[in-house]
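Beneath this line is the structure, given in structure tokens, with notes to follow.
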Amino acid sequence: MSGGGDCAPGLSARGSRIAGGARGLLDKGFDMYIADPFDRDRNPQGILNLGTSENKLCFDLIQERLTRPDMNYVEPDLLQYSDTQGIKSFREEIAKFLTEYARASKALNPEHIIVMSGCCAVFATLSTVLCDPGDGYLIPTPYYGGINSKTQLYGEIQPVHVPLFSEVTDEESHPFQLRVEKLEAALQRAKEQGIRVRALILINPHNPLGDIYPAQLLKECLEFAHRYELHVIMDEIYMLSVYDDITFTSVLSLDCLPDPERTHFMWGFSKDFGMSGLRVGVLYTRSHEIRKAVNQLAVFHGCPGPVQYVLSQFLSDRDWLDNVFLPTNKKRLKEAQNILVDGLSEIGVPVLKSSGGLYVWADFRKFLKTQTFEAEMELWWKLLHEKLLISPGKAFYCSEPGWFRLVFSDSADKMYLCIQRLERMLGAEITEPAANKTSVEDELPNSENDPIATHANIPIDEVSHLKKIVVY
């Protein structure tokens, strides 16, 4: 049967809306990469992917840990239906893990945890039960654009952008700085447009900026949300991917939350542990009613029992985490970031100072023919033609054209190849900067005043996992 009105044959109006949803730029780029992936031996002229945020630096460590005898366990209960909230023993292990590594102010309650098939599922289900169709959520821009589809497909809710800019004003200390006044202004604009705002989404460490919110700013944002009775969704998926010597403050570590029932935390195994293919995300919320509602949808987003068992074993090995994986991962992240930042600097691409995540936020504005998003997209397509996938600022709803995100959490030979391909393409594209263009040089790493600006201060022998250079 065909639906009515403008529905596609065989689909309901809802089905037509979902099927007709525009795919994001990140999805389009990834599809092109999948069709022609770079491989050192089999396809050296394929697309080099520095657009997808995955940590590929510690597969050797993870492979060794996941193949130990204690992981080889299958019992009937793991292959049978289990609690849709997550197997109790797994939730207990997650609670202990997050209590310790998020430095929680008090021990987390396993009953407040829901396990789902990735943080995409957490976003989709949580936004659906918090908001009605047409409602909005505040979110600072730029931000990970994939959130839009996760919140729109089920819940039919819309983002209310809080635009951040590279220009540093008198009230600010660095580019793209979030302040509560900007949240207030965005909320007021939404009200004037007739949009009911129900939530605030914050990503910490930030994607794509690599910024880390100081504790005071977090508290101010939570107080702001409390004043207007907004839910706060804290996406801390990069919580342990902090490579600089800076204090990361999890929302779980704050002593007194202004509104505990409306504060929701999410984390997963995809980024910090390089396991994006396992699809495991975690929601922590104190609200009984919200857990009850989310659990009704969690049945569609469950994790296999054997996966939950393996990850329980993984989290419980504190000795391996503290003495092998986490310090090695931090060291490799910093080395890889330095290699890419140095390479970009050598070809004239400034990078915003960052401390967390798997990527850098780079300023390509001087390479645009005009300071427009059309010119940004033209540059992006030319880079793809040169077989290099990076992510344009438009995919993150950046308010300024010319910014790109590049992922560095891969082998050094790929970082060097990225620089080679960029240099080859940008050499023909460089134009004079616009006269009114704002400089962010003061916040960009350089070897003279910032120790993380270069890996020159790291003895080459210590760059053990990353030092292999292959020239193509």
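The values are calculated or read from the model by the stated rules, or taken from the named source; none is laboratory data. Just so it is clear, the model here is predicted, and its values are computed rather than measured. Heads up, the Cβs are rebuilt from the backbone with ideal geometry, glycines too, and the neighbour counts pull from every protein chain shown. SASA here: full protein model, heavy atoms, side chains in, ligands and nucleic acids out. Shrake-Rupley method; radii C 1.70, N 1.55, O 1.52, S 1.80 Å.
Somewhere in the stretch 14-26, is a residue of a type in the set (Val, Ile, Thr) and open to solvent by less than 70 Å² (accessible area, probe 1.4 Å)? Before the answer, list the steps.
Pass one, the stretch 14-26, residues of a type in the set (Val, Ile, Thr): 18.
Retained after the next criterion (residues that are open to solvent by less than 70 Å² (accessible area, probe 1.4 Å)): none.
No, because not a single residue in the stretch 14-26 is of a type in the set (Val, Ile, Thr) and open to solvent by less than 70 Å² (accessible area, probe 1.4 Å).
On the given criteria, is GLY281 open to solvent by 20 Å² or more (accessible area, probe 1.4 Å) and either free of Cβ contacts under 8 Å to residues at least 12 places away in the same chain or assigned by the TED database to the domain that holds TYR137 (or both)? Quick ask: steps written out before the conclusion?
Values: open to solvent by 20 Å² or more (accessible area, probe 1.4 Å): no; either free of Cβ contacts under 8 Å to residues at least 12 places away in the same chain or assigned by the TED database to the domain that holds TYR137 (or both): yes.
No; evaluated as a whole, the condition is false for this residue.
In this structure, does ALA121 turn out to be closer than 30 Å to SER312 by Cβ and assigned to a helix (DSSP H, G or I)? Walk me through how you get there before you give the answer.
Values: closer than 30 Å to SER312 by Cβ: yes; assigned to a helix (DSSP H, G or I): yes.
Judged against the criteria, ALA121 is a match.
I need the full set of residues from the stretch 65-81 which are in a helix (DSSP H, G or I) and in contact with a helix residue (DSSP H, G or I) (Cβ under 9 Å, 6 or more places away or on another chain), in order please.
Within the stretch 65-81, ARG65, LEU66, ASP70, MET71, ASP77, LEU78, LEU79 meet the criteria.
Within the stretch 82-89, can one find any residue that is outside the structural domain of ALA412 (by the TED database), in a helix (DSSP H, G or I), modelled with pLDDT of 95 or more and not basic (Lys, Arg)?
Restricting attention to the stretch 82-89, the residues satisfying the condition of being outside the structural domain of ALA412 (by the TED database) are 82-89.
From what's left, in a helix (DSSP H, G or I): 88-89.
When the remaining residues are screened for being modelled with pLDDT of 95 or more, the result is 88-89.
Checking the rest, the ones that are also not basic (Lys, Arg) come to 89.
Yes, some residue in the stretch 82-89 is outside the structural domain of ALA412 (by the TED database), in a helix (DSSP H, G or I), modelled with pLDDT of 95 or more and not basic (Lys, Arg).
Six or more apart or on different chains, Cβ atoms under 7 Å: show the pairs whose first residue is in the stretch 403-417 and assigned by the TED database to the domain that holds GLU376 and whose second is part of a strand (DSSP E or B) and open to solvent by 10 Å² or more (accessible area, probe 1.4 Å).
Cβ pairs passing all conditions: TRP403/ASP363.
Check whether at least one residue in the stretch 356-363 is open to solvent by 10 Å² or more (accessible area, probe 1.4 Å), in contact (Cβ under 8 Å) with a residue 40 or more places away in the chain and under 20 Å from the mean Cα position of the chain (by Cα), and report yes or no.
We begin by selecting, within the stretch 356-363, every residue open to solvent by 10 Å² or more (accessible area, probe 1.4 Å); these are 363.
Next cut, in contact (Cβ under 8 Å) with a residue 40 or more places away in the chain only: 363.
Next cut, under 20 Å from the mean Cα position of the chain (by Cα) only: 363.
Yes.
Can you tell me which of (1) under 27 Å from LEU57 (Cα atoms); (2) open to solvent by less than 10 Å² (accessible area, probe 1.4 Å) is the one ASP410 doesn't meet?
(2)
May I ask you to say which residue of LEU222, LEU200 is open to solvent by less than 30 Å² (accessible area, probe 1.4 Å) and either closer than 21 Å to LEU315 by Cβ or under 17 Å from the mean Cα position of the chain (by Cα) (or both)? Give the derivation first.
Working: LEU222 fails: either closer than 21 Å to LEU315 by Cβ or under 17 Å from the mean Cα position of the chain (by Cα) (or both).
On inspection, the qualifying residue turns out to be LEU200.
Go through SER127, SER89 for me and flag whichever is hydroxyl-bearing (Ser, Thr, Tyr) and buried (at least 18 other Cβ atoms within 10 Å of the Cβ). First the steps, then the outcome.
Working: SER89 fails: buried (at least 18 other Cβ atoms within 10 Å of the Cβ).
Just one listed residue meets the conditions, SER127.
Using beta carbons and a limit of 6 Å, which pairs, at least six apart or on different chains, have the first residue in the stretch 251-270 and under 27 Å from PHE314 (Cα atoms) and the second one among the hydroxyl-bearing types (Ser, Thr, Tyr) and open to solvent by less than 20 Å² (accessible area, probe 1.4 Å)?
Qualifying pairs under 6 Å: HIS264/THR285; PHE265/TYR284.
Condition (residue is under 26 Å from the mean Cα position of the chain (by Cα), in a loop (DSSP other than H, G, I, E, B) and under 22 Å from LEU383 (Cα atoms)) applied to the stretch 96-115: is it met by at least one residue?
no
Restricting attention to the stretch 28-60, which residues are part of a loop (DSSP other than H, G, I, E, B), small (Gly, Ala, Ser), within 18 Å of the chain's Cα centre (by Cα) and more than 14 Å from SER276 (Cα to Cα)? Walk me through it before giving the result.
Taking the stretch 28-60 first, the residues part of a loop (DSSP other than H, G, I, E, B) are 36, 38, 40-42, 44-46, 50-58.
Restricting the remaining residues to those that are small (Gly, Ala, Ser) gives 46, 51, 53.
Filter once more, keeping what is within 18 Å of the chain's Cα centre (by Cα): 51, 53.
Hit for the stretch 28-60 is GLY51, nothing else.
Outside any loop (DSSP other than H, G, I, E, B) and under 22 Å from GLY145 (Cα atoms): does that describe GLY277?
Values: outside any loop (DSSP other than H, G, I, E, B): yes; under 22 Å from GLY145 (Cα atoms): yes.
Considered against the rule, which asks whether it is outside any loop (DSSP other than H, G, I, E, B) and under 22 Å from GLY145 (Cα atoms), GLY277 comes out as yes.
Does ASN109 meet the test of being open to solvent by 10 Å² or more (accessible area, probe 1.4 Å) and touching a Pro at 6+ places or on another chain (Cβ under 9 Å)? Let's see the steps before the verdict.
Numbers: open to solvent by 10 Å² or more (accessible area, probe 1.4 Å): yes; touching a Pro at 6+ places or on another chain (Cβ under 9 Å): no.
When the stated conditions are applied, ASN109 does not pass them.
Residues checked against (1) open to solvent by less than 20 Å² (accessible area, probe 1.4 Å); (2) among the charged types (D, E, K, R); (3) out of contact with any helix residue (DSSP H, G or I) (no Cβ under 7 Å at 6 or more places or on another chain); (4) not in a helix (DSSP H, G or I):
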position	(1), (2), (3), (4)
LEU333	yes, no, yes, no
ASN338	yes, no, yes, no
SER354	yes, no, yes, yes
THR370	no, no, yes, yes
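Given the conditions (1) over 25 Å from the mean Cα position of the chain (by Cα); (2) open to solvent by 30 Å² or more (accessible area, probe 1.4 Å); (3) at pLDDT below 95, which single one is not true for CYS120?
If we test CYS120 against (1) over 25 Å from the mean Cα position of the chain (by Cα); (2) open to solvent by 30 Å² or more (accessible area, probe 1.4 Å); (3) at pLDDT below 95, just (1) comes out false.
Restricting to the stretch 245-261, what's the tally of residues that are β-branched (Val, Ile, Thr) and closer than 13 Å to ARG286 by Cβ?
Taking the stretch 245-261 as the starting set, the residues that turn out to be β-branched (Val, Ile, Thr) are 246-247, 249, 251.
Filter once more, keeping what is closer than 13 Å to ARG286 by Cβ: 251.
Selection size over the stretch 245-261: 1.
Hey, among the residues in the stretch 140-158 that are under 21 Å from ALA19 (Cβ atoms) and open to solvent by 40 Å² or more (accessible area, probe 1.4 Å), which one's modelled with the highest pLDDT? Step through it out loud before you land on a result.
Within the stretch 140-158, the subset under 21 Å from ALA19 (Cβ atoms) is 145-158.
Right, trim to open to solvent by 40 Å² or more (accessible area, probe 1.4 Å) and you get 149-150, 152-154, 156, 158.
Values: SER149: 88, LYS150: 89, GLN152: 89, LEU153: 86, TYR154: 86, GLU156: 91, GLN158: 95.
Taking the candidates together, the pick is GLN158.
When you go through (1) open to solvent by 10 Å² or more (accessible area, probe 1.4 Å); (2) farther than 20 Å from HIS231 by Cα one by one for ALA95, which number turns out not to apply?
It is condition (1) that ALA95 fails.
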